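Notes to accompany the following structure.
The values are calculated or read from the model by the stated rules, or taken from the named source; none is laboratory data. From a predicted model like this one, the values you see are computed outputs, not experimental measurements. All Cβ positions, even for glycine, are placed from backbone atoms using ideal geometry, and neighbour counts span all protein chains on display. The protein model used for the area step is the full one, side chains on, heavy atoms only, and it has no ligands, DNA or RNA in it. Shrake-Rupley method; radii C 1.70, N 1.55, O 1.52, S 1.80 Å.
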Amino acid sequence: MPRVAQTTLTQHILHNQPQRFRGALSTLITQIGVAAKMIAAQVRRAGIIEVWGETGEVNVQGEEVQRLDRIANDTFISVLEQSGCVAAMASEEEDDWLRVPAALAGDYLVVFDPLDGSSNIDVSASIGTIFGVYACPSRPERLEDVLRPGRDMVAAGYVIYGSSTVFVYADGERVDCFTLDPVVGEFFLSRPNLRIPDTLAMVSANELNEPYWPAWTRGLMGELKERNRARRALTGRHMGSLVADFHRNLIKGGVFLYPVDSHNKRGKLRLLYECNPLAFIARAAGGADTWGEGSVLDLAPEHLHQRTGFVVGVAEAVARAEDWYARERRGELAPLAPPAAPRGER
Ligand code: AHG
Ligand code: MN
Ligand code: MN
């Protein structure tokens, strides 16, 4: 069978991207592609080599660190450090931000979730890596230099280790998707200029959290389900891997939501390295995002591992979420008496 497109990731960056993508930023993106291939190689052998299971460590978020979390984190850090393009990094798996030694330091700051969807590792379901890139011309000295609003990003992307390995990145204007040919060992352009559909086709949420949801989320979900009463127009799809749920929704036209609720009182998902990059990509593809009253990209982060409520995907559905949120703020929705959180607040 002929290949869909012959353009490699490196060729695409060099030939088709705006001027600002040339030079160090194009080197950085291709190096992230190298890290993605190295992690993909480990993921593909999960179950054969010893990468399943927990390390026995608990990260700063209070979560069990899986072996693949650790492998992906170490791979990403070492490739970024050696690339000569990066001044500082922040990772889900590192308590503190990391400063690259002066001899290797470059001009970019990279925030990343090295392995998203860790609960899916041991069951061979899709997992991924999420990253965001900021220009960082002066050497970062303090945490405040790393806590930047998502709006400042110059690029963002993700990798999915699924039925195939895909690399998606956005430069703020367009989104391109590449698929790894495992025989050749290269990413080839497979979905150029990805645009999210305007019509909502699927909804992704952990519906078992409904007892903890605020009134606006129940209102929104009720409205979306009501659309199916006359004719089945929507379907529910939820994998529990944010990045894989996002990728499917980007291609098929979906909305993902994980609101602040009475159990996760600050939200579950992390602003810097989960929500911001995906919001940036969604917007570059013609979609939208909100924390309730605006894009997460406009939030000023106060902590490295800060959490937020998050709705992302088809613009029309995100607008409906903001409408329901505003109705709750205006006191138009009956307040709910949520059950006491039995597992304690996160
Ligand atoms: P991570 O594996 O990086 O810790 O992230 C897991 C996140 C996200 O991928 C997913 O959407 C969400 O946690 C699922 O949370 P629930 O199990 O509470 O639904
Ligand atoms: Mn994650
Ligand atoms: Mn993770």
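Taking into account only those residues within the stretch 112-137 that are within 20 Å of Val79 (Cβ to Cβ) and away from ligand 2 (no atom under 12 Å from the Cβ), which is surrounded by the most Cβ atoms within 10 Å (Cβ to Cβ)?
Gly132
A quick yes/no check of all residues on (1) within 16 Å of ligand 2 (Cβ to nearest atom); (2) in contact with a Lys or Arg (Cβ under 9 Å, 6 or more places away or on another chain):
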{"residue": "Thr55", "(1), (2)": "no, yes"}
{"residue": "Asn73", "(1), (2)": "yes, no"}
{"residue": "Phe76", "(1), (2)": "yes, no"}
{"residue": "Glu81", "(1), (2)": "no, no"}
{"residue": "Leu98", "(1), (2)": "no, no"}
{"residue": "Asp107", "(1), (2)": "no, no"}
{"residue": "Arg151", "(1), (2)": "no, no"}
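Residue-by-condition table, conditions (1) in contact (Cβ under 8 Å) with a residue 24 or more places away in the chain; (2) open to solvent by less than 50 Å² (accessible area, probe 1.4 Å); (3) within 17 Å of the chain's Cα centre (by Cα); (4) within 16 Å of ligand 2 (Cβ to nearest atom):
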{"site": "Leu189", "(1), (2), (3), (4)": "yes, yes, no, no"}
{"site": "Glu207", "(1), (2), (3), (4)": "yes, no, no, no"}
{"site": "Arg266", "(1), (2), (3), (4)": "yes, no, no, yes"}
{"site": "Leu269", "(1), (2), (3), (4)": "yes, yes, yes, yes"}
{"site": "Cys275", "(1), (2), (3), (4)": "yes, yes, yes, yes"}
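Can you tell me which residues in the stretch 330-346 are surrounded by 12 or more Cβ atoms within 10 Å (Cβ to Cβ) and at pLDDT 80 or above?
Glu332, Leu333
Considering only the stretch 209-246, state which residues are assigned to a helix (DSSP H, G or I), within 22 Å of Ala279 (Cα to Cα) and either within 12 Å of ligand 1 (Cβ to nearest atom) or of a type in the set (Phe, Trp, Tyr) (or both).
Correct list: Trp216, Leu242, Val243, Ala244, Asp245, Phe246.
Among the residues of the stretch 138-156, are any crowded, with 22+ Cβ neighbours inside 10 Å, part of a loop (DSSP other than H, G, I, E, B) and outside the structural domain of Ser295 (by TED's automatic domain parsing)?
Checked against the condition, which is being crowded, with 22+ Cβ neighbours inside 10 Å, part of a loop (DSSP other than H, G, I, E, B) and outside the structural domain of Ser295 (by TED's automatic domain parsing), the stretch 138-156 yields no hits at all.
Determine the pairs where a residue that is open to solvent by 80 Å² or more (accessible area, probe 1.4 Å), located within the stretch 91-102, has a partner that is modelled with pLDDT of 95 or more and within 16 Å of ligand 2 (Cβ to nearest atom) with Cβ atoms under 8 Å apart, the partner being 6 or more residues away or on another chain.
Asp96/Leu304
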